[in-house]
Amino acid sequence: MPKWDTVSWWATGIFVVSLALAAATKNDVFLFLMVGSYMLRPTLYALGLATKYADERQTSIQFRSGNLALTVLILAVIVFAIKADMEGKPTDDFNALVIIGLAARALAGVLMIGDYREAGVRIAVGVGSLWILFVAVENGATLRALPEAAPGIIILLIGLLGRRKPLISAVVFALLSILLFVFIGFRTGRGFSIYQLITAFLVSLPLAASAFCLFKGSRRDHEGLPATH
């Protein structure tokens, strides 16, 4: 067990605040803040912060338990999605949770490599490949599916261009992410909802992340620094 330290005091503070807010407002939603008290330490360790409070054994345990917990959570969400589908209920929320969990895991992995340009390329290639895959699954590998798959192909090619011209790809992806966020999040005719904004965020975030990584990679090339840090 970790020793009682500054992180422990902060976690205790969050726990107490969540109880106080729930009691004062009679709203159980504030009890979800307790999750923050439990996740504070592993989150700080994962981000490379507060490492002076952890030894190698603790960080290893956090890594292994975190991967196991994510696997169990993803499998549980899939089971609930299958159950909802069998009952004729929509599964969009469950699908979004699976995508968010896996995307966050993959994104964190490529960013921690330290090679910004390669991380940006991998993110873009992943987004483009997933787009093409979804179109193929929905419409089959036919010529009629080609127009729908075209955006994925374009994203993939722009991502691959980032290996040689990272700044150009970064600018294009930055503009695309903004346009997609505005188009999906604020389009009219279907009624505005929080789910619209969430969808817009999930679609545009990977491209924005790719743009950031490619821009950082181009800066390192300009300054003559090595690709990794």
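Quick check on Phe80: is it farther than 24 Å from Tyr45 by Cα and surrounded by 12 or more Cβ atoms within 10 Å (Cβ to Cβ)? In short, yes.
Counting only residues that are over 22 Å from Ala69 (Cβ atoms) and exposed (fewer than 11 other Cβ atoms within 10 Å of the Cβ), the stretch 24-43 holds 6 of them. Among what's in the stretch 107-129 and is over 17 Å from Gly162 (Cβ atoms) and either part of a helix (DSSP H, G or I) or more than 16 Å from the chain's Cα centre (by Cα) (or both), pick the residue that is modelled with the lowest pLDDT. Checked the stretch 107-129; the qualifying residue modelled with the lowest pLDDT is Gly109.
Of the residues Leu143, Leu175, Leu156, Leu179, the single one that is at pLDDT 90 or above, exposed (fewer than 14 other Cβ atoms within 10 Å of the Cβ), more than 20 Å from Ile100 (Cβ to Cβ) and over 16 Å from the mean Cα position of the chain (by Cα) is Leu175. Put simply, of Tyr38, Tyr53, Tyr45 the only residue that is modelled with pLDDT under 80, under 23 Å from Gly101 (Cβ atoms) and touching a helix residue (DSSP H, G or I) at 6+ places or on another chain (Cβ under 6 Å) is Tyr45.
When Ala20 is tested against (1) in a helix (DSSP H, G or I); (2) at pLDDT below 75, only condition (2) is not met. Whether any residue in the stretch 63-75 is out of contact with any Leu (no Cβ under 7 Å at 6 or more places or on another chain), more than 19 Å from Ala108 (Cα to Cα), exposed (fewer than 15 other Cβ atoms within 10 Å of the Cβ) and at pLDDT 80 or above is what I want to check. Yes, that holds for at least one residue.
The values are calculated or read from the model by the stated rules, or taken from the named source; none is laboratory data. Since we're looking at a predicted model, the values are computed, not measured. Please note: Cβ atoms are built from the backbone with ideal geometry, for glycine as well, and neighbour counts cover all protein chains shown.
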